[in-house]
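Accompanying notes for the structure given below.
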Amino acid sequence: MEWLPQRDAFCNSHNVPRPQLPLRNIAHWNAVLQGSVSSNDTLHHERAYVAPGYFYMPVCDEPDDRTLAELSSLASTADWLLVPSLRRSDRRRRADVIAVPFMKAAFFRSSRSVDLALRTAVGPSQYKSIVRITRKAEAACTTEIHRLSDVAEDNRVLRDFACLQAMNVAKYGHAKNLYTSDVLRMLARSSEGEKYFVKLDYDKYSNTPLAGSLSYADDHRGVFTKLVRGLDHDRIPRGLNLYIADYYQMYHFADRLGFADVCLGRGAIDAKVRVGAIHIVNLDNWLIPVNTQRTQAMQNYARSRHGD
C-alpha cells in the first residue's frame with residue numbers, strides 16, 4: 001500500500017504540514033480522551049509524529065524493527081512516535097513500546113457464499129430481515145458505485161458524498177471531518193484512487209442523495225474495508241433502513257471483487273454483530289518515546305485505558 005495519499009489527507013484534515021502535532025489535536029486520540037481523562041493534562045499536549053495508517057485505515061499491520069527505526073528517525077523532533085490502530089498481540093515487542101488500548105474493529109468473512117456466511121453469523125430470522133430490508137431499499141433507491149479515481153473530476157459524486165459524510169460528522173460530534181470534498185478529490189487523484197469505492201443511494205423519484213459509503217479494496221492484504229458512511233436521516237423515507245442495506249450490498253460487491261474478508265471498521269461493535277460481524281479484534285495505539293520526559297505518565301494512562 002502506498003501511504004503518501006493517506007499522509008496528505010491526514011495533514012490536510014488536521015491543517016498541519018507534516019503528521020506531527022499535539023496528541024490532543026489528533027481527532028481519534030481526542031475522541032478516546034472524551035469522558036475518560038482531562039484533555040488538558042499536559043501529557044496530551046505533547047507532540048506525536050503519526051506513523052502510516054494515519055488513523056485512515058481502521059486496522060494496520062504491526063511494523064517490523066527496521067520500519068520502527070526509520071519512523072523514529074522521522075519523529076526526531078517529536079516527543080512521541082505514534083503507531084496507530086494495531087491489532088493487540090501477545091507477541092514480544094520492543095521494550096520501549098507503550099501499547100495504549102484504543103478501540104475494537106469488526107470483520108465479516110465469507111469463504112464460499114455471502115448469504116450462507118451471513119445466515120450462519122446472524123441466524124435465519126435476522127438474515128431474512130436483512131435481505132427484506134435490502135430489497136425494500138433497492139425498490140426505493142437508485143444505487144451507484146464508483147471507483148474514486150473515475151470520479152476525480154465529477155463534482156456531483158464528490159459533493160454528494162462529502163455532504164452526506166458531513167452529516168455523519170455532525171450527528172456524532174466528531175472533532176474533525178476527515179473526508180471533506182478536498183480530501184476526497186486528493187485521494188481520487190492519487191496513486192491509491194482506484195482502490196477506493198464510493199457508493200451513493202439516491203431517491204428514485206426525486207434523485208435526492210440519501211446515503212453514501214466509502215470503502216477501500218486492499219489487494220495486497222486481501223481485505224475489503226468499509227471506511228465511513230453518511231446518511232441524510234431527515235430525507236430518508238420512513239421504513240427504509242439504508243444503514244443495514246449498505247452492509248448486505250457491499251458484502252456482495254466485495255465478493256464480486258474477489259474479497260472474502262470485509263473489515264467493518266472500528267466501533268459500534270454490537271450493531272456490526274447484528275449485520276454479520278464474526279471476528280472482533282482489540283486495537284492498540286503504540287506510543288514510543290522520542291524526546292519525552294513523561295514515559296511513566298503514558299504508562300499510567302495506558303493502564304487506566306485497560307480498565308475502560
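The values are calculated or read from the model by the stated rules, or taken from the named source; none is laboratory data. As the structure is a prediction and not an experimental result, all values here were calculated from the model. Note that each Cβ is placed from the backbone with ideal geometry, even for glycine, and that neighbours are counted across all protein chains shown. SASA here: full protein model, heavy atoms, side chains in, ligands and nucleic acids out. Shrake-Rupley method; radii C 1.70, N 1.55, O 1.52, S 1.80 Å.
Quick notes
- 20 °C / 1.002 mPa s Stokes-Einstein diffusion coefficient of the range 161-226, Kirkwood radius on C-alpha pairs, µm²/s: 162
- The three principal axes of the Cα atoms in the range 153-300 give end-to-end lengths of 61, 34, 32 Å, sorted in falling order.
- Residue-normalised convex hull volume from the C-alpha trace of the range 192-265: 97 Å³ per residue.
- Cross-link pairs exceeding 26 Å in C-alpha to C-alpha distance, out of Lys171/Lys226; Lys136/Lys199; Lys104/Lys226; Lys136/Lys176; Lys171/Lys272, comprise Lys136/Lys176.
- Computed log₁₀ I(q)/I(0) - Debye formula, equal Cα scatterers, no solvent, the range 1-116, q 0.19 Å⁻¹: -1.12
- Cα centroid of the range 76-101 to Cα centroid of the range 204-243, whole Å: 33
- Taking N as its residue count, the alpha carbon Rg of the chain over 2.2 N^0.38 Å: 1.03
- Here is how the number arises for the chain: DSSP H runs of 4 or more residues each give -39500 (n - 2.57), the sum is divided by the residue count, and the result at 222 nm is -11500 deg cm²/dmol.
- In this structure Glu144 has an accessible area near 50 Å², from a 1.4 Å probe over the protein heavy atoms.
- Most tightly packed first, judged by the mean number of other beta-carbon atoms within 10 Å of their residues, the peptides 202-209, 282-289 read 282-289, 202-209.
- Relative to the current alpha-carbon distance between Arg221 and Ala166, full extension at 0.36 nm per residue lengthens the span by 16.9 nm.
- Lys136, Lys226, ranked by accessible area, largest first (probe 1.4 Å): Lys136, Lys226
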